[in-house]
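The block underneath contains the structure these notes are about, expressed in structure tokens.
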Amino acid sequence: MFRTTVRMLRRAASLASVCLSAALALTWSAHAAQPPSATAYYERALEVMKALPEPTFMTYTENVSATGIGVGMYPSRVDGSAYLYIGWGPANKPAISWKTNYRAVNIEAITLPDGRHMLGHSPVYDPSWNGAYDWLRYGLHGPVPSSPTPSPHAAGASVATAAVPTIALVEALGSASYRIYEGGSATCSNGDPGHRLNLAAIGNADGHPLNYVVIDTRNVRFCTMGFHLPQESGLVALTGSFELHFGTVGSYWIITDGTGDLLMRSFGVSVHHAHLAFSFHDVAYPSMLSDPLFPPDSKEQS
């Protein structure tokens, strides 16, 4: 009886989220064919995005390709999690792919073609809205592990706590952190009509890396987000910019693919340019999903 009640509550919560998102979009379309300002348009689209339902479980195949450099997947020296290495090496290839089991709050269990199995916490593995947030907050390689616990900001989380923290989201995406300018008509990656807004950070640019968005005018959702990577330090540092594309896959609005232009710098001088592309395929949303690598307290409670 308890399990049935929990399932019914989750379905009701998901339906309520869909209805709220649709209501926000319809209200905007009905009363604001011409947005009063770029900032108001951005704020409304952000509210619509925040109201969208997020999948609890996903399975998918991800493809990553590189031009001008190689890519490889290796266990991190810090905690053994999946580390996407971009650079030169005998094991790196122009393109790689892997299958992923996803648990809410970006716990990704990755299975490589050679049979290796490891957890990931980089946003490049995550097609959800949480993944988009992590791109802006942490950059390509995600949060720095503080211990061997997989996905530090996810470990121990339950379905009820799967949403992006409001304060953190406001810091990375809030309109008060940016000057927002009109960018004119644009086209979403799926061909839908869009409207571009350009953003310039007020204050710390690395903490507020969003450069532009394209809003799908049909539903007032972000269909494109463009941003720069936080500045890295070290003998050889990776900088550059990425663009994420969103679209409807099944019942959810998720990241479908993305591209990145990367610069490798040594002592502040650009030494190499490369291009990265990634995409998600065969996406499914199972009602339950277990994986030996998922932390015990993050498994489905049903």
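Identification of strands (runs of 3 or more DSSP E) wholly contained in the stretch 188-262 with 3 or more residues that are within 17 Å of the chain's Cα centre (by Cα) and either modelled with pLDDT under 95 or not hydroxyl-bearing (Ser, Thr, Tyr) (or both) yields 210-216, 221-228, 236-249. Residue check: ALA91 meets all listed conditions (1) in a loop (DSSP other than H, G, I, E, B); (2) buried (at least 21 other Cβ atoms within 10 Å of the Cβ) but one, namely (2). Scan the stretch 78-94 and tell me whether some residue there is under 23 Å from ALA284 (Cα atoms) and modelled with pLDDT of 85 or more. Checked the stretch 78-94: at least one residue is under 23 Å from ALA284 (Cα atoms) and modelled with pLDDT of 85 or more. When the stretch 70-88 is limited to residues that are buried (at least 18 other Cβ atoms within 10 Å of the Cβ) and of a type in the set (A, V, I, L, M, F, W, C), the one that is farthest from LEU276 (Cα to Cα) turns out to be ALA82.
The values are calculated or read from the model by the stated rules, or taken from the named source; none is laboratory data. Please read these numbers as outputs of a predicted model, since none were measured by experiment. All Cβ positions, glycine included, derive from the backbone under ideal geometry; neighbour counts span all protein chains shown.
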